[in-house]
Amino acid sequence: MHLHEAFSQSWPAFALVAGLLLVGAAAAREGLFAEAGALAARAPGGATALLAALLLVEAAVTAVLNLDTAVVFFTPVLLHAARRRGVPETPFLYGAVFMANSASLLLPGSNLTNLIVLAHEHATGATFAARMWPAWAVAVATTICFLAIVFRRQLRAQGRPFGEHPPFRPRAGTLGVAAAAAAVLVLSKPALPVLALGAAVALLAGLSPRRVFRVANPLLLGGVLAVTVGLGTLARSVGAFGHLLGHAGRWGTAWLGVGAAVVVNNLPAAALLSAHAPTHPRALLLGLDLGPNLAVTGSLSAILWLQVARANGARPSIVRYSLLGAALVPVSLSLALLASAGY
């Protein structure tokens with residue numbers, strides 16, 4: 001009984017992200033993300049303006065297509081833009097992953113934890129966004145300001161004009177992005193429709209089976225799903241975690257989410273802490289979504305970021321990630337909690 005309940009709560013999140021990853025892969029192949037990044041990079045101003053423009057585009061990609069999709073397909077865009085402009089890439093490198101986590105609050109599909117924690121509510125994406133957009137806007141703005149301040153010396157570099165215009169051929173993937181966004185906004189249970197959409201878009205875009213397997217990564221998603229279901233089953237059997245959250249208050253709930261995410265990853269942590277409907281679900285979401293900026297163990301997106309960054313010639317540091325996150329998370333989480341006080 002407990003196993004069935006845990007599985008029923010968790011599987012839609014993983015089905016949804018698989019569909020979004022397939023749509024994102026097709027859109028990336030058509031040049032959608034490169035085009036968006038190039039448009040942002042041509043904005044007037046120096047390196048700080050370039051960073052802010054690109055991170056705003058990534059925030060939109062994260063909100064619509066999930067933070068894992070944004071990290072996989074937008075980290076190379078940020079790195080490439082910095083190199084082409086001739087400015088230090090470090091702020092763009094860490095900005096890619098911090099923004100993905102920070103911007104994952106807006107829609108249910110933006111982060112798997114949103115779907116797991118709010119599985120009890122069955123709210124549409126529009127209702128979810130109406131409640132979460134103040135916290136989302138604050139988290140996005142805080143992340144940009146934080147990076148601009150911390151890396152202000154590196155961002156003083158003037159660089160050179162960004163003159164590249166990447167090829168953009170909108171087809172099934174680009175249409176799929178719009179369709180996926182509409183499905184997430186309108187449907188209360190978008191997982192299977194978006195998964196079917198992703199499969200159809202991948203077929204129409206001509207993605208090879210090998211590419212589909214690599215993008216959807218069923219082994220990794222399946223492994224994380226198994227751990228998530230296992231901890232969800234345990235939480236239902238024990239019940240102590242529900243009692244703990246019931247007496248924690250909004251701020252305590254958020255910080256419990258941060259700690260659990262860092263220790264066991266935010267997806268299993270979401271199943272563990274929301275096996276029973278939490279008293280403060282949105283405070284829990286803030287901790288689970290923003291907390292992973294404290295350590296790479298906190299989210300699947302950070303692990304994907306490490307892989308993609310290294311594959312693109314960057315040298316991300318796990319220690320530096322946590323040092324930056326130790327300053328960013330308390331500020332972004334506190335401001336987001338204040339912005340969402342009504343919920």
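The values are calculated or read from the model by the stated rules, or taken from the named source; none is laboratory data. Given the structure is predicted, the values throughout are model-derived calculations rather than measurements. Every residue, glycine as well, gets a Cβ built from its backbone with ideal geometry; the counts of neighbours run over all protein chains shown. Side chains are part of the model used for accessible areas, which takes the heavy atoms of the whole protein and leaves out ligands, DNA and RNA. Shrake-Rupley method; radii C 1.70, N 1.55, O 1.52, S 1.80 Å.
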Query raised in the report: Relative to the Cα centre, what is the charge dipole magnitude of the chain, using +1 at the beta carbon of each Lys and Arg, -1 at the beta carbon of each Asp and Glu, and rounding to the nearest 20 debye?
Result: 860 debye
Query - Per-residue HN-Hα couplings for segment 62-70 [Karplus 6.51, -1.76, 1.60; θ = phi - 60°; Hz; x = Gly/Pro] - result: 4, 4, 8, 10, 5, 5, 5, 4, 4
**Report entry** Solvent-accessible surface (1.4 angstrom probe) belonging to HIS120, in square angstrom, nearest 10
**Finding:** 80 Å²
**Report entry** Accessible surface, per residue, of segment 268-337 when the full set of protein chains is kept, probe 1.4 Å, Å²
**Finding:** 32 Å²
**Report entry** Entry for semi-axes √(5λ) of the Cα gyration tensor in Å (calculated from the structure that is shown) out of (i) 33, 30, 18; (ii) 31, 24, 17; (iii) 40, 21, 18
**Finding:** (ii)
Query raised in the report: What nm distance separates the two modelled labels at ALA178 and HIS2, each placed 7 Å from Cα along Cα→Cβ?
Result: 4.8 nm
**Report entry** Surface per residue (accessible, 1.4 Å probe) for segment 56-187, Å²
**Finding:** 36 Å²
Report summary line: Computed ³J(HN,Hα) along segment 102-114: with the Karplus parameters 6.51/-1.76/1.60, θ = phi - 60°, integer Hz and x for glycine or proline, the list is 5, 8, 8, 9, 6, 10, x, x, 5, 8, 4, 4, 4
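Once fully extended, how much extra length lies between ARG42 and ILE149, figured as 0.36 nm per residue of separation less the alpha-carbon to alpha-carbon distance? Mind showing how you got there, number by number?
On the way: separation 107, 0.36 × 107 = 38.52 nm, distance 2.21 nm.
Stretched fully, the ARG42-ILE149 segment lengthens by 36.3 nm.
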Report summary line: Counting only protein heavy atoms with a 1.4 Å probe and every protein chain in place, the carbon and sulfur fraction of the accessible surface of the chain in whole percent equals 69 percent
Requested in this report: Measure out, as a whole number of angstrom, how far apart the alpha-carbon centroids of segment 180-209 and segment 71-88 sit.
Outcome: 27 Å
Requested in this report: Subtracting the Cα-Cα distance from 0.36 nm times the residue separation, let me have the gained length for VAL319 to TRP11 in nm, one decimal.
Outcome: 107.6 nm
Report task. Take each of the peptides 192-200, 56-64, average the number of other beta-carbon atoms within 10 Å over its residues, and list them starting from the highest. Result -> 56-64, 192-200
Requested in this report: Report the full-extension gain for the segment ALA226 to ALA277: residue separation times 0.36 nm, less the Cα-Cα distance, to one decimal in nm.
Outcome: 16.3 nm
Query raised in the report: Using only helices, what value at 222 nm comes out for the chain when you add -39,500 (n - 2.57) per DSSP H run of length 4 or more and divide by the total residues, to the nearest 500 deg cm²/dmol?
Result: -24500 deg cm²/dmol
